[in-house]
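> Have a look at this one before I ask anything.
The values are calculated or read from the model by the stated rules, or taken from the named source; none is laboratory data. Bear in mind the structure is a predicted one, so any value in this text is a computation, not a measurement. Cβ atoms come from the backbone with ideal geometry, glycine included; neighbour counts cover every protein chain shown.
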Amino acid sequence: MPLIRKPTADVSAETDPAPDPAKMLRTGNADQRRAAARAFGTDPHGTNPLAEALKTETDERVREAIFTSLVRLGGPESVDAVVPCLRVDDANLRTGALDAMRTMIAAVRPMLPALLTDADSDIRVLTCDLLRELPSGEATRLLCGVLARDPVLNVCAAAVDVLADIGEAEALPFLDQCAARFGDAAFLSFAIKIARERIVSERSADHG
């Protein structure tokens, strides 16, 4: 009887281990980094690696995937990961951060008072626009605080712009005080006039 040899195991047929998302997020190509970022969106411990990646990532598609996963994970940790992006010079990164914060505004809400008093006036300007996502009464109260205390013209102008769209009657005396404080700024006086007219018009319609 002839000797029958056992078939030799085909090493190449063995299943490759699953790639490590953390490694791929750090060292993979753009497609691999994007896939890893999306994978972390379902990982309860994914916020930290996503936050670290966001500090150095330059590819727009990968950034978008990181922001999407951070929004999906939500919570204060995700907000803490996104807020520093408001301070960078990269306009696209700032825009991505703002879009993410709008989407998870419930998690961002507790931080809004602090952001409205941030030492950086640009942060205060950006935060004013975020208030559009809040109920109008809550947004009006926060913006009235801005008009009452902020010394920077552009910040107050940002607050007036939002109030023109969503402001309630509570804002009227604060608008008047702001107009008096920046009396020499013609463009702000005009913006306040428009905001007052819109708020009064809305108030009249509500009581009509």
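> Of (1) among the hydrophobic types (A, V, I, L, M, F, W, C); (2) touching a helix residue (DSSP H, G or I) at 6+ places or on another chain (Cβ under 9 Å); (3) within 18 Å of LEU126 (Cβ to Cβ), VAL62 satisfies all except one. Which?
Tallying (1) among the hydrophobic types (A, V, I, L, M, F, W, C); (2) touching a helix residue (DSSP H, G or I) at 6+ places or on another chain (Cβ under 9 Å); (3) within 18 Å of LEU126 (Cβ to Cβ), VAL62 fails exactly one: (3).
> I'd like to verify a number: residues in segment 54-71 that are in a helix (DSSP H, G or I) and either surrounded by 14 or more Cβ atoms within 10 Å (Cβ to Cβ) or within 12 Å of the chain's Cα centre (by Cα) (or both), how many?
Of the residues in that region, 11 qualify.
> Considering segment 102-120 alone, what residues qualify as being among the hydroxyl-bearing types (Ser, Thr, Tyr) and in a helix (DSSP H, G or I)?
THR103 - this is the single residue of segment 102-120 that is among the hydroxyl-bearing types (Ser, Thr, Tyr) and in a helix (DSSP H, G or I).
> Looking at ASP80, ASP89, which one is of a type outside the set (Lys, Arg), farther than 20 Å from ASP31 by Cα and not in a helix (DSSP H, G or I)?
Unique residue meeting the criteria: ASP89.
> Right, next: Considering only segment 23-47, state which residues are assigned to a helix (DSSP H, G or I) and farther than 20 Å from THR103 by Cβ.
LYS23, MET24, LEU25, ARG26, THR27, ALA30, ASP31, GLN32, ARG33, ALA35, ALA36
> Check ASP31, ASP16, ASP99 and return the single one that is farther than 23 Å from ASP129 by Cβ and modelled with pLDDT of 95 or more.
ASP31
> For ASP31, all conditions in the list (1) in contact with a helix residue (DSSP H, G or I) (Cβ under 8 Å, 6 or more places away or on another chain); (2) more than 22 Å from ALA106 (Cα to Cα); (3) not aliphatic (A, V, I, L, M) hold save one; what is the number of the exception?
That leaves (1) as the condition not met.
> Does segment 85-98 hold any residues that are touching a residue at least 12 places away in the same chain (Cβ under 8 Å) and either closer than 28 Å to ALA148 by Cβ or exposed (fewer than 15 other Cβ atoms within 10 Å of the Cβ) (or both), and which are they?
If the condition is that a residue be touching a residue at least 12 places away in the same chain (Cβ under 8 Å) and either closer than 28 Å to ALA148 by Cβ or exposed (fewer than 15 other Cβ atoms within 10 Å of the Cβ) (or both), then LEU86, ARG87, ASN92, ARG94, ALA97, LEU98 are the ones that fit.
> Please work out which one of (1) more than 24 Å from ASN48 (Cβ to Cβ); (2) in contact with a helix residue (DSSP H, G or I) (Cβ under 8 Å, 6 or more places away or on another chain); (3) assigned to a helix (DSSP H, G or I) is the condition ILE123 fails and give its number.
With (1) more than 24 Å from ASN48 (Cβ to Cβ); (2) in contact with a helix residue (DSSP H, G or I) (Cβ under 8 Å, 6 or more places away or on another chain); (3) assigned to a helix (DSSP H, G or I) applied to ILE123, the lone miss is (1).
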